[in-house]
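Report on the following structure.
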Amino acid sequence: MTDTSKTTGEVVALPLPSLSAKDKRRAEAKYGKAVMAHGYTLVPNLMLQGQAHLKISPTAFNVLMQLLLHWWDANEPPHPSIKRIAQRMNKSPRSLFRYFDELEEAGLVEREARYRGKKAQTTSAYKLNGLTAKLKEIEPAMTAAKKFKDKRVEKAEAASTAA
């Protein structure tokens, strides 16, 4: 009779489930279920690819990303507290006003004071119409640049196969 109560210290590799190509691109496959359980924010690739066209500092861009985190409804501007954004960015609330000013000067954000009752001011709302207009404005140039790049790649590939 063999004693099966003793461990041998042997590691047995368990087969991992095979993922389809589509499933491998899913966020849970990349980051894990626990990370994705915290949610995600929809950001157009054009915004990241055309960041330089927005003409704002990287920190102001980060503030803009924080605003997008709170923009759930197209018709309802986000209204997070400055204190919350400051905590996430490890900045002082006072220093964030500089970046909100920068976003307003760039025409991307419009602050709107909000009140509870007659005098009790609450968090400001941040209209992002300027951002969406700017992205629509730069889209043709970004598309043209991509087409130009694609043509250069095609031409280079054609030249290399002819040689």
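Just so it is clear, none of the values below were taken in a lab; they were calculated from the coordinates. As the structure is a prediction and not an experimental result, all values here were calculated from the model. Methodologically, a virtual Cβ is constructed for each residue, glycine included, from the backbone with ideal geometry; neighbour enumeration extends over all protein chains shown.
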- Note on the structure: Karplus ³J(HN,Hα) for the stretch 78-91 (6.51 cos²θ - 1.76 cosθ + 1.60, θ = phi - 60°; Hz, whole; x = Gly/Pro) runs x, 9, x, 7, 5, 4, 5, 5, 4, 4, 5, 8, 6, 10
- Nearest 0.05, what FRET efficiency do A52 and R88 give at R0 = 22 Å with Cβ-Cβ as r? 0.40
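Within the set K33/K127; K55/K149; K83/K127; K83/K118, which residue pairs have Cα atoms separated by over 30 Å? Mind showing how you got there, number by number?
Values: K33/K127 33 Å; K55/K149 23 Å; K83/K127 19 Å; K83/K118 23 Å.
From K33/K127; K55/K149; K83/K127; K83/K118, over 30 Å: K33/K127.
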- With charges set only on the Cβ (+1 for Lys and Arg, -1 for Asp and Glu), what does the dipole of the stretch 38-155 come to about its Cα centre, in debye to the nearest 20? 260
- Task: Could you tell me which of rounded, prolate or oblate describes the stretch 38-155, using a ≥ b ≥ c as the square roots of the eigenvalues of the alpha-carbon gyration tensor, with rounded for a/c under 1.5 and, failing that, prolate when a/b is larger than b/c and oblate otherwise?
- Result: prolate
- Query: Picking from T123, Q87, Y99, whose Cα lies most toward the positive end of the charge dipole for the stretch 38-155 (charges on Cβ: Lys, Arg +1; Asp, Glu -1)?
  - Reply: Q87
- Message: Out of the chymotrypsin sites (Phe, Trp or Tyr not before Pro) in the stretch 54-163, which ones are loop residues according to DSSP with at most 15 other C-beta atoms within 10 Å?
- Response: W72
